[in-house]
1. Could you identify the residue of B sitting closest to the B-C rotation axis by Cβ and state that distance rounded to whole angstrom?
2. Could you check the spin-label model distance between A:A45 and B:R49? Points 7 Å from the Cα along Cα→Cβ, value in nm.
3. Using a 7 Å offset from Cα along the direction of the beta-carbon, what are the separations from B:N10 to the same position in each other copy, nm, ascending?
4. Would you calculate a helix-derived [θ] at 222 nm for chain C, using -39,500 (n - 2.57) for each DSSP H run of n ≥ 4 and dividing by the full residue count, to the nearest 500?
5. Given labels modelled 7 Å from the Cα in the Cβ direction, how far is it in nm from B:V82 to A:S59?
6. Would you work out the relative contact order for the stretch B:3-112, in percent, from Cα pairs under 8 angstrom that are 6 or more residues apart?
7. Place the label 7 angstrom along Cα→C-beta at C:R32 and in each other copy, then list the distances from the first to the rest in nm, shortest first.
8. Using packing as a proxy for protection, rank C:73-85, A:52-64 so that the peptide with the highest average count of other Cβ atoms within 10 Å comes first.
Amino acid sequence: MDITRFEPSNLYSAAVSAHGFLFVSGITPKNRQGDVRAQTREVLAEIDRLLALGGFDRSRIVSAMIWVSDIRLRDAMNEEWVGWVGDHRPARACVEAKLADPAMLVEIQVTAAA
Amino acid sequence: MDITRFEPSNLYSAAVSAHGFLFVSGITPKNRQGDVRAQTREVLAEIDRLLALGGFDRSRIVSAMIWVSDIRLRDAMNEEWVGWVGDHRPARACVEAKLADPAMLVEIQVTAAA
Amino acid sequence: MDITRFEPSNLYSAAVSAHGFLFVSGITPKNRQGDVRAQTREVLAEIDRLLALGGFDRSRIVSAMIWVSDIRLRDAMNEEWVGWVGDHRPARACVEAKLADPAMLVEIQVTAAA
């Protein structure tokens with residue numbers, strides 16, 4: 001069966017589809033000046049864009065992994081997440097981790113099903 | 001194909017099934033007074049319950065992600081894990097991470113296949 | 001449908017296949033004397049070996065999770081990764097985490113599709 005790779009950079013593809021699933025890379029904000037709410041909004045908008053590349057949308061997300069750079073940012077991140085995810089809540093885990101750039105406060109990775 | 005969401009809360013679903021897989025959320029203990037062994041037992045019992053909601057059981061787990069709040073707790077967690085998982089050992093990774101509440105010592109996320 | 005477990009140890013299987021996917025465990029280096037580049041090369045060679053057990057190869061990897069013990073090791077790890085992954089770039093996330101042994105500098109987990 002076919003594997004489709006969307007927007008490959010030198011290190012990874014932004015998303016990859018196979019067997020009816022779309023695997024999206026961990027997405028971090030490009031604009032790192034904002035607070036965790038602004039960064040979360042940017043990440044979720046980018047996830048919307050990447051899901052659409054594969055013909056998916058946020059209602060098809062089945063699992064999500066969220067890293068915050070400080071676990072105390074979880075509540076503020078969640079306030080943005082709740083409005084975005086609506087009734088289509090995936091399985092999820094959220095833990096603290098140091099991300100690629102200290103100015104990144106949040107990274108979100110999702111998997112969607114056709 | 002259908003996506004089924006089990007026990008949705010405001011942030012996520014406890015488990016989501018799609019294309020023959022069940023994605024269970026990262027499960028943490030509700031009782032945070034106990035040591036890591038007691039917390040692991042509670043988490044694994046909750047995973048048993050959630051797997052059953054989707055018609056799965058622990059013999060169908062294909063991959064597991066485990067976070068411990070201190071990597072030195074890994075051996076004690078593993079002692080509970082070994083007895084629970086029996087011969088049906090999934091692919092697995094286990095790393096240290098700060099969890100949502102400092103009293104949480106372990107979080108476990110599994111994926112099962114029909 | 002069948003679940004096949006490859007190289008089960010007492011805690012987990014090195015890889016598990018189900019529904020056309022191969023879930024490989026988080027792989028860490030056995031030789032922990034080397035720098036992160038040497039450790040990454042060893043881990044990637046072991047992933048090649050495990051993929052082959054299930055009839056897969058690195059061109060079939062759809063997603064990868066990478067943990068480095070210090071996020072500043074990411075660039076050196078990436079230099080090995082780029083040469084290995086070639087044009088078949090999976091979706092990916094990479095964060096810092098404390099691993100099972102302080103001498104381990106990198107752990108990589110992949111999922112492949114038939």
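1. B:A97, 4
2. For A:A45 paired with B:R49, the spin-label model returns 4.1 nm.
3. 4.5, 4.5
4. On the way: 2 runs with 30 residues, N = 114.
The helix contribution divided over chain C gives -8500 deg cm²/dmol.
5. Each label point lies 7 Å from its Cα, and together they span 4.9 nm.
6. Numbers: 193 pairs, mean separation 37.4, N = 110.
With pairs under 8 Å counted, the relative contact order is 34 percent.
7. For C:R32, the inter-copy label distances come out at 3.0, 3.0 nm.
8. Working: C:73-85: 17.1, A:52-64: 18.7.
Result, highest mean first: A:52-64, C:73-85.
No lab work stands behind these numbers, since they all come straight from the coordinates. It should be emphasised that the depicted structure is a prediction, and the values quoted were computed from it without experimental measurement. Because the Cβ atoms are built from the backbone with ideal geometry, glycine has one as well, and the counts that use them run over all protein chains shown.
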